[in-house]
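> Pasting in a structure now, in structure tokens, and then I'll have a few things to ask.
The values are calculated or read from the model by the stated rules, or taken from the named source; none is laboratory data. Model, not experiment: these values are computed from the prediction. Please note: Cβ atoms are built from the backbone with ideal geometry, for glycine as well, and neighbour counts cover all protein chains shown.
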Amino acid sequence: MTRILITGAAGGIGQALLAEMQDGDDVLATDIRPPKTLPESVEYRPLDVRGDDALAVIGDWKPEVVVHLASIVTPPTGSTRELEYSVDVEGSRKVVDACIAHGVRRIVVTSSGAAYGYHADNPVPLREEDTLRGNEEFAYAHHKRLVEEMLAETRHDHPALEQVVLRVGTVLGEGIENQITALFRRDPLLGIRGSDSPFVFIWTRDLARILKRAATDGPPGIFNVAGDGALGTRDLARALGKRVRWLPPGLLKLALGIARPLGLSRYGPEQVRFLQFRPVLDNTKLKTEFGYVPERTSAEVFDLWRKAVGL
């Protein structure tokens, strides 16, 4: 039995991971609020990664493994870059420092394919050895890159702390709603002329099983996490039975540059790059070295989500 502490357990991925845990697992769920669904065998304690909670809770509960999920994926209304940095980067540093201070054997961290950045010259597909270039204009991508740079330093300075770093594609499953799923609800879909805007998806249950394996009997290492295949704008439109409104990237940048200062859009011109140069993840290492083959392909994950939300 492995003693496992989970940060960010109240989020969608945390809830999916808790559902995969068996009665015999020794698990502590932590977050700033209790998870909506907490298995009877799982204990909950409040933990805000921005303060000293991680040092105190990890020191008191003494986990063998920490699964660090806490992050701001979709900023709430009124969020600031400073708040997101304090959670994503400074919070991750505090969790890692607490693991080192209290002799935690392994840390599992959910990074993101966004850490590779949104660039026209990204390799297709991206492999784990490719350079991380998370763009500064995208808080989430930049923060994930900074966290990975910090983890690389930690691997060098503190090799006794095993790491499993999961660079996760777009997560879809029942109940998942975010800025990306909002794109799929548009009618017609928005397309960037000259770009196929490919998406790779991973099912919430597949991700939960991968996290459980990472926390128990899986190998350490860095792994891209995505289902097989990718879906471009035309593929998504066919699956949804919708048309696509194709816009020139220059025109869309101009429109967003005007709309955001007027409060008509939360997104600025940088959002065009987010749609143009989607990172496509190679999952070969996940299947061959980590030992997990996703049950659902990207197309099957999208179809599952589409049916769940009634599209």
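> Let me confirm something: among ASP48, ASP52, which residue is charged (D, E, K, R) and crowded, with 16+ Cβ neighbours inside 10 Å? Steps first, please.
Numbers: ASP52 fails: crowded, with 16+ Cβ neighbours inside 10 Å.
When all the criteria are applied, what remains is ASP48.
> List the number of the failed condition for VAL309; all other conditions in (1) closer than 17 Å to LEU172 by Cβ; (2) crowded, with 16+ Cβ neighbours inside 10 Å; (3) β-branched (Val, Ile, Thr) hold.
Failed condition: (2).
> Right, something else. Output the residues belonging to the range 62-82 that are under 16 Å from THR2 (Cα atoms) and either among the acidic types (Asp, Glu) or buried (at least 16 other Cβ atoms within 10 Å of the Cβ) (or both). Working first, answer last.
Applying the first criterion (under 16 Å from THR2 (Cα atoms)) to the range 62-82 yields 62-68.
Answer for the range 62-82, where residues must be under 16 Å from THR2 (Cα atoms) and either among the acidic types (Asp, Glu) or buried (at least 16 other Cβ atoms within 10 Å of the Cβ) (or both): PRO63, GLU64, VAL65, VAL66, VAL67, HIS68.
> Would you mind stating whether VAL147 is touching a Leu at 6+ places or on another chain (Cβ under 7 Å), among the hydrophobic types (A, V, I, L, M, F, W, C) and either part of a helix (DSSP H, G or I) or modelled with pLDDT of 95 or more (or both)? If you could, list the steps in order and put the result at the bottom.
Working: touching a Leu at 6+ places or on another chain (Cβ under 7 Å): no; among the hydrophobic types (A, V, I, L, M, F, W, C): yes; either part of a helix (DSSP H, G or I) or modelled with pLDDT of 95 or more (or both): yes.
When the stated conditions are applied, VAL147 does not pass them.
> Could you grab me the full set of residues in the range 136-155 that are closer than 20 Å to LEU275 by Cα and either small (Gly, Ala, Ser) or buried (at least 18 other Cβ atoms within 10 Å of the Cβ) (or both)? Talk me through it step by step, then tell me what you get.
As a first pass, look at the range 136-155 and keep what is closer than 20 Å to LEU275 by Cα: 136-145.
Scanning the range 136-155 gives PHE138, ALA139, TYR140, ALA141, HIS142, HIS143, LYS144, ARG145.
> While we're here: When the range 269-306 is examined, which residues are found to be surrounded by 15 or more Cβ atoms within 10 Å (Cβ to Cβ) and in a loop (DSSP other than H, G, I, E, B)?
Selection gives PRO269, GLU270, PHE277, ARG278, PRO279, VAL280, ASP282, ASN283, TYR292, PRO294, ARG296, THR297.
> Sticking with this structure for a sec: Using beta carbons and a limit of 6 Å, which pairs, at least six apart or on different chains, have the first residue in the range 204-233 and part of a helix (DSSP H, G or I) and the second one among the polar types (S, T, N, Q)?
THR233/SER197
> For the range 157-190, give me each residue that is among the small types (Gly, Ala, Ser), modelled with pLDDT of 95 or more and within 28 Å of ARG245 (Cβ to Cβ).
Of all residues in the range 157-190, those among the small types (Gly, Ala, Ser) come to 160, 169, 173, 175, 182.
Okay, now just the ones that are also modelled with pLDDT of 95 or more, so 160, 169.
The answer is GLY169, and nothing else.
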